[in-house]
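A short write-up of the structure that comes next.
The values are calculated or read from the model by the stated rules, or taken from the named source; none is laboratory data. Predicted model, so just to flag it, every value in this text is computed and none were measured. Cβ coordinates were reconstructed from backbone atoms using ideal geometry, including for glycine residues, and neighbour counts include every protein chain displayed. Just so you know, the surface numbers come from the protein's heavy atoms only, side chains and all, with ligands and any DNA or RNA stripped out. Shrake-Rupley method; radii C 1.70, N 1.55, O 1.52, S 1.80 Å.
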Amino acid sequence: MAAQIATATRNAMMDAFATNHGNNGYLRIYSGTRPANPAAAITGTLLAELRFNASAAWGAAASGVITAGAITADSSADATGTATHSRWFKSDGTTAMLDCNVGTSGSDINLSSVSIAATGNVSISSLTLTDGNA
């Protein structure tokens, strides 16, 4: 059996992530191969750049889950390509916080389509981040 972390501790960890990530961060969507971790150089082409809420990016954790506030859509995507992964940055735009997969179902971020067209609109209607201790 895998280790289990108490819910209060999971909430504290997720709240710490939210605090460290802060408000007004970036969610950038890329094509290509996902890097090994957020410290590795980004790969692929930047397709779209969305922004986390400027004043309330995250709600308080509950059951090891934090929910993002409203995410500002990219009304004019940067390039045409197939979305495969994303990297989240703090508001400075350079401090990487998290990498995750992008798909249409069963992925970390599920878009209605992974085909992104330059100058098209890219939006995320809701987003939650769950501690891995389910």
Is it true that Asp78 is surrounded by 15 or more Cβ atoms within 10 Å (Cβ to Cβ) and out of contact with any helix residue (DSSP H, G or I) (no Cβ under 9 Å at 6 or more places or on another chain)? yes
Among the residues of region 109-118 satisfying the criterion of being out of contact with any Leu (no Cβ under 9 Å at 6 or more places or on another chain) and within 20 Å of Ile66 (Cα to Cα), which is surrounded by the fewest Cβ atoms within 10 Å (Cβ to Cβ)? Asn110
For Asp15, work out the one condition from (1) out of contact with any Asp or Glu (no Cβ under 8 Å at 6 or more places or on another chain); (2) under 19 Å from Thr94 (Cα atoms) it doesn't fulfil. (2)
Of everything in region 81-96, what is open to solvent by 20 Å² or more (accessible area, probe 1.4 Å) and hydrophobic (A, V, I, L, M, F, W, C)? Give them in sequence order. Ala96
All but one of (1) in a strand (DSSP E or B); (2) among the acidic types (Asp, Glu); (3) open to solvent by 50 Å² or more (accessible area, probe 1.4 Å) hold for Asp99; which doesn't? (3)
Counting only residues that are open to solvent by less than 40 Å² (accessible area, probe 1.4 Å) and part of a loop (DSSP other than H, G, I, E, B), how many does region 119-134 have? 5
